[in-house]
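Heads up, the thing below is written out as structure tokens.
The values are calculated or read from the model by the stated rules, or taken from the named source; none is laboratory data. All figures in this text were calculated on a predicted structure; none of them were measured in a lab. Please note: Cβ atoms are built from the backbone with ideal geometry, for glycine as well, and neighbour counts cover all protein chains shown. In case anyone asks, the SASA skips ligands and DNA or RNA and just uses the protein heavy atoms, side chains included. Shrake-Rupley method; radii C 1.70, N 1.55, O 1.52, S 1.80 Å.
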Amino acid sequence: MASRKRLSPEESRKTALEAARGLLIEAGPQAVTLKAVSARVGRTHANLLHHFGSAAGLQKELARHLAETVCETIKEAVQASRAGLGSPREVVDLAFDAFDKEGAGALASWMILTGNEDALSPIVETIHQLVDEIAPNEAAAHGKVTHVHEETLALVLLAMGDALIGKALARSLGLPEAAARDRALVMLERSLALINQPG
């Protein structure tokens, strides 16, 4: 029997979080249990308890992990867009994909329904940090920090709502499935046009 490689605590946590993320995407938030994650990474249930304390602790850390990963990607897309190397569409798609394809919307809903609302804090805090990193540049040049916060709120709420009922609602209204993304893009392009107006 081959011996398992000994991982540092940080490596062990990261491996568990990636396994949890895989389960979330494949089977939904209800599948993200200590037992399922420990089976996937070949570690004991006790090992995961040591790192996360409980299933709720694991979900909270997964929310933080998803938020940090997604916000870093969105920040890079925003910077690329400002440098003329990307587009507002990429920013919108990254935000919507985070809540839909990456499972953040389902995870957030699951945590609310199971009474683990404090686990949403990492998502909210990370998005706030992202806005604070983006907004100071605009505040210095245009004095519109509140504007950026409002646009971020609208974009996140559109992405979250779309992940939960967007496609079904769009179909029932006779709209294309990407209608919410398209609306978010129009909103973002208008916002950028206002911010970039001279004077």
Sorted by chain and number, the residues with a modelled amide H under 5 Å from that of Gly86, at a separation of 5 or more or across chains, are Ser81
Relative to the longest principal axis of the C-alpha atoms of the chain, give the angle of the C-alpha long axis of helix 88-99, reported between 0 and 90° and rounded to the nearest 10°.
30 degrees
Averaged per residue, what accessible surface does the stretch 39-134 expose to a 1.4 Å probe, in Å²?
48 Å²
Checked the stretch 42-180 with the C-alpha gyration tensor, a ≥ b ≥ c its square-rooted eigenvalues, rounded below a/c of 1.5, otherwise prolate if a/b is larger than b/c and oblate if not; verdict oblate
Taking 8 Å as the Cα distance limit and 6 or more residues as the minimum spacing, I'd like the relative contact order of the chain as a percentage.
20 percent
Across the stretch 147-161, in residue order, what do the Karplus-derived ³J(HN,Hα) couplings come to in whole Hz, using 6.51 cos²θ - 1.76 cosθ + 1.60 with θ = phi - 60° and x for Gly and Pro?
4, 5, 4, 5, 5, 5, 4, 4, 5, 5, 5, 4, 5, 5, x
Distance violations [Cα-Cα > 19 Å] among Lys101/Lys167; Lys14/Lys35; Lys35/Lys60; Lys35/Lys101
Lys35/Lys101
In deg cm²/dmol and to the nearest 500, what is the mean residue ellipticity at 222 nm of the chain if only DSSP H runs of at least 4 residues count, each as -39500 (n - 2.57), divided by the residue total?
-24000 deg cm²/dmol
Inter-site label distance for Leu157 and Glu10 at 7 Å from Cα along Cβ, in nm:
3.9 nm
Go ahead and run the numbers for FRET between Arg82 and Asp182, Cβ-Cβ distance against an R0 of 25 Å, rounding to 0.05.
0.70
By per-residue mean of other Cβ atoms within 10 Å, what is the highest-first order of 45-51, 33-39, 156-162?
156-162, 33-39, 45-51
Return the carbon/sulfur percentage of the accessible area of the chain, one whole number, probe 1.4 Å, all protein chains in place.
58 percent
Which of rounded, prolate, oblate describes the stretch 50-120, given a ≥ b ≥ c as roots of the alpha-carbon gyration tensor eigenvalues and a/c under 1.5 marking rounded, otherwise prolate only if a/b is larger than b/c?
prolate
